[in-house]
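**Student:** Sharing a structure with you now.
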Amino acid sequence: MSRKLLLEHINVPGIAGLDVYRQKGGYRAVEKALKTLTPDEVVEEVKKSGLRGRGGAGFPTGMKWSFLAKPEGVPRYLVCNADESEPGTFKDRYLMTHIPHALIEGMIVSSYALGAKASYIYVRGEMMPQIRILEKAIAEARNAGFLGKNILGTGYELELYVQPGGGAYICGEETALLESLEGKRGNPRIKPPFPAIAGLYGCPTVVNNVESIAATVPIINDGGEEYAKIGIGRSTGTKLISASGNLARPGVYEIELGLPVEEFIYSDEYCGGIANGKRLKATVAGGSSVPILPANLTLKLANGEPRLMSYESLSEGGFATGTMLGSGGFIAFDEDQCIVRNTWNFSRFYHHESCGQCSPCREGTGWLEKVLHRLEYGHGKMSDIDLLVDVARKIEGNTICPLGDAAAWPVGSAIRHFRDEFEWHVKEPVKSQTQNYGLADYAKPIEKTAEVKAAE
Amino acid sequence: MLKVEEHSPVEFSADLIGRFDEIIARYPGGKQKSALLPILHLVQAELGWLSTTAMDKVAAYLQIRPIEVYEVASFYTMYFLKPQGKFMLEVCRTGPCCLVGAEKILDHLETRLGVKEGEVTPDGLFSFRGVECLAACGYGPVLQIGPEYTFYENLTTESVDQLIEDLKKKS
Ligand SMILES: Cc1cc2nc3c(=O)[nH]c(=O)nc-3n(C[C@H](O)[C@H](O)[C@H](O)COP(=O)(O)O)c2cc1C
Ligand code: SF4
Ligand code: FES
């Protein structure tokens, strides 16, 4: 069994309530931080831990905190990103539902480190039940003296508020989230300035994912160095993985970073293999925005070594043969799934969710959706495949926020690895409507050198 | 384009206004516009949708221009700018849920309810639509019903039929 830092007590009855949470050692991190550490020392522990942002980008949390501007007399804010809308990702919802005090405790510790006196948890609007759960947890924490004025007699004061979103994936992007929190449309801001300088209401602001904030609790309890001992290389600590698709046991798992992908998929401790005894065809390892990989490149690197669940190993080989850990939304496709259909589905998602500010994204995502739709429904031409690659390239890097890239990557990677399946849809417009292309060679062991060369 | 139906007068109860004020108090002075999204949720939960009259009243209460409310209400997918069925069944239609049968659930709802996506059944009880990922991908297919946003997971055509019957009884 691997170490659990966030979900260790998840199955304890009543852990969603303050009393049981405290019996299991909850709020020790608040006591320790507020009573024995200065805010800068808390930042230092988080730096030492090597924790990287769990929202998708993987930026070191301690470093991000140290960029926060601290002008005299200007309030600073911590905003928790609980917008969780990246397809394939449902870990934050899980954590907030079952162990809400882990987030509340993390918010107090983190707000203290940053010198925030009012902090907001921006929760996607559809999570009304979770919003209720968090509000209840906040009320409990306040009654116990962990929130409000003069917390635990230390003189530190903090208020926590829960803010619902309105149903828009783009509000997960941190500057769109801040716009939304100010009561506006979720249009991402042009950067710079970064939120660390001018964020919420123009004040210095840190935006962090739910899981990143919750992870500060074990970091403060055990020390940053202890946390950094878990994991592998620059991928320290544990990570929540949301596993979905055709798996025997989908769900949320806490893994130690560095776990072999094969073990994650097939062992009974985790996903228990592919559902219904089928074979694995492909995976999207880190939420819909990251490149899709065929089964063989999911399990092994291009040089034949096992691929691991870590930031580095998943991105090994760049976009030619690798992908990204992203938000940890792990989606498995079995041999009966159609890659063209899924790619079309994802492009519809991005088109629907584009805020419309930049033309490459607004128009490009529409083109991707339209062309993929005709390929999927048997009206495509061979030239459509290159057209898709071309449109995807023209979106990439030419937009205000990374949603454009997130829309382009799944398309580019699907064609890179599954081009024969796209071509089959053109060559067999009738058959492809009732049959599936199947597993083909996607699970075949990799011809090492040939594959690496071809990819370059 | 913003489309709003004909509207009738709207009164906010004292209780509702009290809840507006509670929300406004969460933000620094002068930043009451931050309360817009939460307040629109409250108003929609009360009225079922957001009419122009309702939005104008919200604008007046928050001391912002009506257009600032319209542009927000039309940007976010959770706000309804026309009346819906009493129960709006929102089924996730994104990739991971489709791997486990979400499209079948949507097709089934269309047949079963006898209306197309976005329409209201003649008895005024039901509407349905496909929505994007609801952050419950491991438990798909899933649907939610506002304004409480109750979740129904691991759906089958049978469990959907059962749900519709239960909702009919409840209404
Ligand atoms: C289109 C888009 C959607 C995003 N959605 C989320 C999200 O739902 N949750 C999240 O934590 N981060 C999301 N992010 C990343 C945030 O912008 C930001 O990097 C993150 O919240 C920072 O927190 P972290 O450093 O703790 O990861 C999204 C980014 C983009 C471009
Ligand atoms: S890339 Fe897309 S989502 Fe991002 S700002 Fe531009 S139009 Fe909006
Ligand atoms: S894909 Fe349906 S809940 Fe995420």
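**Student:** Distances over 17 Å make up what percent of all Cα-Cα pairs in region A:26-93? Mind showing how you got there, number by number?
**Tutor:** Details: 1354 of 2278 pairs.
Result for the distance tail: 59 percent.
**Student:** For a quick check of your reading of the filter: which GluC sites (Glu not before Pro) in region A:1-93 sit in a DSSP loop and have no more than 14 other Cβ atoms within 10 Å?
**Tutor:** A:E72
**Student:** By DSSP, what percent of the beta bridges with both residues in region A:194-348 are antiparallel, rounded to the nearest 5?
**Tutor:** Working: 19 of 23 bridges.
Restricted to region A:194-348, the bridges split so that about 85 percent are antiparallel.
**Student:** Give the residue list of GluC sites (Glu not before Pro) in region A:105-180 that are DSSP loop and have at most 13 other beta-carbon atoms within 10 angstrom. Walk me through the numbers on the way to the answer.
**Tutor:** Details: sites: A:E105, A:E126, A:E135, A:E140, A:E157, A:E159, A:E173, A:E174, A:E179; in loops: A:E126, A:E157, A:E173.
Passing both the DSSP loop test and the Cβ count: A:E157.
**Student:** A follow-up question, please. For A:K191 and A:E312, calculate 0.36 nm times their separation in residues minus their Cα-Cα distance, and state this gained length in nm to one decimal.
**Tutor:** Numbers: separation 121, 0.36 × 121 = 43.56 nm, distance 2.68 nm.
Once the chain is fully extended between A:K191 and A:E312, it gains 40.9 nm.
**Student:** Given Cβ point charges of +1 (Lys, Arg) and -1 (Asp, Glu) and nothing else, what value in debye, to the nearest 20, does the dipole of region B:87-170 about its Cα centre take?
**Tutor:** On the way: 8 positive and 14 negative charges, 9 e Å.
Charge dipole of region B:87-170: 40 debye, to the nearest 20.
**Student:** To the nearest 0.05, how large is the calculated FRET efficiency for A:K117 and B:Y61 if R₀ is 35 Å and r is the Cβ-Cβ distance?
**Tutor:** Numbers: r = 27 Å, r/R0 = 0.76.
Given R0 = 35 Å and the Cβ-Cβ separation, E is 0.85.
**Student:** Checking the a/c ratio against 1.5 first, then a/b against b/c, what shape does the Cα gyration tensor give for region A:18-229?
**Tutor:** Rounded.
**Student:** Cut-off 12 Å, label point 7 angstrom out along Cα-to-Cβ of B:D107: give me the residues of region A:402-444 whose amide nitrogen falls inside.
**Tutor:** The answer is A:434.
**Student:** With only Lys, Arg, Asp and Glu charged, each at its Cβ (+1 for the first two, -1 for the last two), find how big the charge dipole of chain B is about the Cα centre; round to the nearest 20 debye.
**Tutor:** Numbers: 17 positive and 24 negative charges, 71 e Å.
Charge dipole, chain B, about its Cα centre: 340 debye, nearest 20.
**Student:** Another one. Would you calculate, for chain B, the mean residue ellipticity at 222 nm contributed by helices, counting each DSSP H stretch of 4 or more residues as -39,500 (n - 2.57) and dividing by all residues, to the nearest 500? Each step should come with its number before you reach the end.
**Tutor:** Values: 7 runs with 75 residues, N = 171.
Roughly -13000 deg cm²/dmol at 222 nm, from the helical runs in chain B.
**Student:** So, one more: For A:K239, list the lysines whose Cα falls under 16 Å from its own Cα; do not include residues on the same chain fewer than 8 positions away.
**Tutor:** Those lysines meeting the cut-off are A:K4, A:K91, A:K229.
**Student:** So between B:K170 and B:V115, what do we pick up on full extension, going 0.36 nm a residue minus the alpha carbon distance?
**Tutor:** Details: separation 55, 0.36 × 55 = 19.80 nm, distance 2.07 nm.
Extra length from B:K170 to B:V115 when fully extended: 17.7 nm.
**Student:** Given a Förster distance of 30 Å, report the FRET efficiency between A:S2 and A:K444 from their Cβ-Cβ distance, rounded to the nearest 0.05. Don't jump to the answer; show the numbers that get you there.
**Tutor:** Numbers: r = 30 Å, r/R0 = 1.01.
According to the calculation, E is roughly 0.50.
**Student:** Let me ask something else. At 7 Å along the Cα-to-beta-carbon direction for both A:Q433 and A:A320, put a label point, then send me their distance in nm to one decimal.
**Tutor:** 4.1 nm
**Student:** Here is a further query. Which is farthest toward the positive dipole end of the protein assembly as shown among A:M63, A:T38, A:T365, measuring Cα position about the Cα centre, with Cβ charges +1 (Lys, Arg) and -1 (Asp, Glu)?
**Tutor:** The one lying farthest along the dipole's positive direction is A:T38.
**Student:** Subtracting the Cα-Cα distance from 0.36 nm times the residue separation, let me have the gained length for A:R393 to A:I232 in nm, one decimal.
**Tutor:** Working: separation 161, 0.36 × 161 = 57.96 nm, distance 3.32 nm.
So the chain would gain 54.6 nm between A:R393 and A:I232.
**Student:** Choose one of A:G145, B:V10, B:I67: the residue whose Cα lies farthest towards the positive end of the charge dipole of the protein assembly as shown (beta-carbon charges +1 Lys, Arg; -1 Asp, Glu; about the Cα centre).
**Tutor:** Working it through, the farthest residue towards the positive pole turns out to be A:G145.
**Student:** Here is a further query. Quick one: dipole size for chain A, taken about the Cα centre, charges +1 on Lys/Arg Cβ and -1 on Asp/Glu Cβ, in debye to the nearest 20.
**Tutor:** On the way: 50 positive and 55 negative charges, 93 e Å.
Approximately 440 debye in magnitude.
**Student:** What nm value, rounded to one decimal, do you get for the distance between A:N150 and A:E182 when each label is placed 7 Å out toward the C-beta?
**Tutor:** Roughly 3.6 nm, to one decimal.
**Student:** In what sequence, largest accessible area first, do A:K394, A:K300, A:K229 appear using a 1.4 Å probe? Intermediate results must be reported in sequence, preceding the final value.
**Tutor:** Numbers: A:K394 125, A:K300 80, A:K229 145 Å².
I get A:K229, A:K394, A:K300, largest accessible area first.
**Student:** What helices does chain A hold that run 18 Å or longer along their axis, going by alpha-carbon atoms, with a Kyte-Doolittle average of -0.5 or more, using DSSP H for the helix calls?
**Tutor:** Length and hydropathy pass: A:100-114, A:128-143, A:210-222, A:382-395, A:403-427.
**Student:** Only bridges with both residues in the protein assembly as shown count here: give the DSSP antiparallel percent, nearest 5. Intermediate results must be reported in sequence, preceding the final value.
**Tutor:** On the way: 27 of 54 bridges.
In the protein assembly as shown, DSSP labels about 50 percent of beta bridges as antiparallel.
**Student:** Hey, rough spin-label estimate for A:A139 and A:E363, points 7 angstrom out along Cα→Cβ, what's it come to in nanometres?
**Tutor:** Taking the two extended label points, one gets 5.3 nm.
**Student:** Which of the pairs A:K300/A:K431; B:K86/B:K116; B:K57/B:K169; A:K70/A:K149; A:K278/A:K381 have their Cα atoms more than 23 Å apart in this structure? List each step's numbers first, then the result.
**Tutor:** Working: A:K300/A:K431 32 Å; B:K86/B:K116 16 Å; B:K57/B:K169 35 Å; A:K70/A:K149 21 Å; A:K278/A:K381 32 Å.
Beyond 23 Å: A:K300/A:K431; B:K57/B:K169; A:K278/A:K381.
**Student:** Taking square-rooted eigenvalues a ≥ b ≥ c of the alpha carbon gyration tensor, is region B:14-75 rounded, prolate or oblate, where a/c under 1.5 means rounded and, failing that, a/b exceeding b/c means prolate?
**Tutor:** On the way: a/c = 1.77, a/b = 1.19, b/c = 1.49.
Judged from the Cα gyration tensor, region B:14-75 comes out oblate (a/c at least 1.5, b/c at or above a/b).
**Student:** If you count the DSSP beta bridges with both ends in region A:18-229, what percent of them are antiparallel, to the nearest 5?
**Tutor:** On the way: 2 of 19 bridges.
Beta bridges within region A:18-229, antiparallel portion: roughly 10 percent.
**Student:** Evaluate 2.2 N^0.38 Å with N set to the residue count of the protein assembly as shown, then give the Cα radius of gyration divided by it.
**Tutor:** 0.95
**Student:** Can you give the FRET efficiency to the nearest 0.05 for B:L125 and A:R132, using r as the Cβ-Cβ distance and R₀ = 22 Å?
**Tutor:** E between B:L125 and A:R132, to the nearest 0.05, is 0.30.
The values are calculated or read from the model by the stated rules, or taken from the named source; none is laboratory data. Worth saying up front: this structure is predicted, and the values here are computed from it rather than measured. Ideal geometry is used to build each Cβ from the backbone, glycine not excepted, and the neighbour counts take in all protein chains shown. Each accessible area value is taken on the protein alone, full model and side chains, heavy atoms only, with ligands, DNA and RNA left out. Shrake-Rupley method; radii C 1.70, N 1.55, O 1.52, S 1.80 Å.
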